[in-house]
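J.: Take this structure first; my questions come after.
The values are calculated or read from the model by the stated rules, or taken from the named source; none is laboratory data. Since the model is a prediction, treat every value here as computed from it, not as a measurement. Neighbour counts run over all protein chains shown; Cβ positions are idealised from the backbone, glycine included.
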Amino acid sequence: MANLTIAQKNLRAFLLMIQYSEGTAGANAYRTLFGSGLFSDFSKHPNRRITKYGITSTAAGAYQILYRTWLEIAQKLKLLDFSPANQDRAAIELIKRRKALEDVMAGRFSLAIEKCKKEWASLPGAGYGQHENSIKNLLAVYQMAGGSVMAA
């Protein structure tokens, strides 16, 4: 991972920050189901409807991607499985769809969070009635993961 550009380091740090925020960070990040269960078959999105905390969701993987969202992204990007690499590609596409990729890569952290908050329920200001992390904690995780911050 040596010789990454600042933009690449910022993107990697932002992806790790999303994993932290979504509660999937760690060794099992890419295998995590909504509610913290695990799956083992990466050949396809697990599409398991799980109810926890009064919420039913098909969210899975490091970025807690909903099944219907995965179907859209997988078709667009021609992703053939739910492998970790493809989960990363899908998350980057979701960031791009929110018009935040340039902000992420430039280190405009707060602006990127603002643009992505409707994609990930755990981001501050998402408004989905689920636990939201503070921008202060997420910024600390992002910076610990090697991300740098520029003014918006």
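J.: Among the numbered conditions (1) surrounded by fewer than 17 Cβ atoms within 10 Å (Cβ to Cβ); (2) on the phi > 0 side of the Ramachandran plot, tell me where Q64 comes up short.
T.: (1)
J.: Moving to a separate point now. Scan the stretch 137-149 for residues that are among the aliphatic types (A, V, I, L, M), surrounded by 13 or more Cβ atoms within 10 Å (Cβ to Cβ) and either touching a Gly at 6+ places or on another chain (Cβ under 7 Å) or under 11 Å from L16 (Cβ atoms) (or both) and jot them down.
T.: Residues satisfying the conditions are L138, V141, A145, V149.
J.: Could you tell me which of the residues R89, R98 is under 20 Å from Q8 (Cβ atoms), touching a Cys at 6+ places or on another chain (Cβ under 9 Å) and charged (D, E, K, R)?
T.: R98
J.: What number goes with the only condition from (1) over 20 Å from A126 (Cα atoms); (2) under 18 Å from the mean Cα position of the chain (by Cα) that D41 does not pass?
T.: (2)
J.: Just to verify a result, which residue in the stretch 34-55, among those that are part of a helix (DSSP H, G or I) and on the phi > 0 side of the Ramachandran plot, is surrounded by the most Cβ atoms within 10 Å (Cβ to Cβ)? Can you show your working first?
T.: Step one: filter the stretch 34-55 for residues part of a helix (DSSP H, G or I), giving 34-36.
Imposing the further condition that a residue be on the phi > 0 side of the Ramachandran plot reduces the set to 35-36.
Details: G35: 15, S36: 11.
Among them, the one singled out is G35.
J.: Could you figure out which of (1) in contact with a helix residue (DSSP H, G or I) (Cβ under 6 Å, 6 or more places away or on another chain); (2) free of Cβ contacts under 8 Å to residues at least 40 places away in the same chain; (3) more than 24 Å from N137 (Cα to Cα) isn't true of P84?
T.: (2)
J.: Also: Kindly establish whether S134 is closer than 18 Å to L16 by Cβ and either out of contact with any helix residue (DSSP H, G or I) (no Cβ under 9 Å at 6 or more places or on another chain) or modelled with pLDDT under 95 (or both).
T.: Yes; evaluated as a whole, the condition is true for this residue.
J.: Given the structure, is I73 under 15 Å from the mean Cα position of the chain (by Cα), within 15 Å of T24 (Cβ to Cβ), at pLDDT 95 or above and among the β-branched types (V, I, T)?
T.: It is false that I73 is under 15 Å from the mean Cα position of the chain (by Cα), within 15 Å of T24 (Cβ to Cβ), at pLDDT 95 or above and among the β-branched types (V, I, T).
J.: Scan T58, T24 and give me the residue that is at pLDDT 95 or above, surrounded by 13 or more Cβ atoms within 10 Å (Cβ to Cβ) and under 12 Å from the mean Cα position of the chain (by Cα).
T.: Of T58, T24, the one residue that is at pLDDT 95 or above, surrounded by 13 or more Cβ atoms within 10 Å (Cβ to Cβ) and under 12 Å from the mean Cα position of the chain (by Cα) is T24.
J.: Continuing with the same structure: Regarding Y128, is this residue of a type in the set (S, T, Y) and surrounded by fewer than 20 Cβ atoms within 10 Å (Cβ to Cβ)?
T.: So Y128 passes the test.
J.: Take K78 and decide whether it is charged (D, E, K, R) and in contact with a helix residue (DSSP H, G or I) (Cβ under 6 Å, 6 or more places away or on another chain).
T.: no
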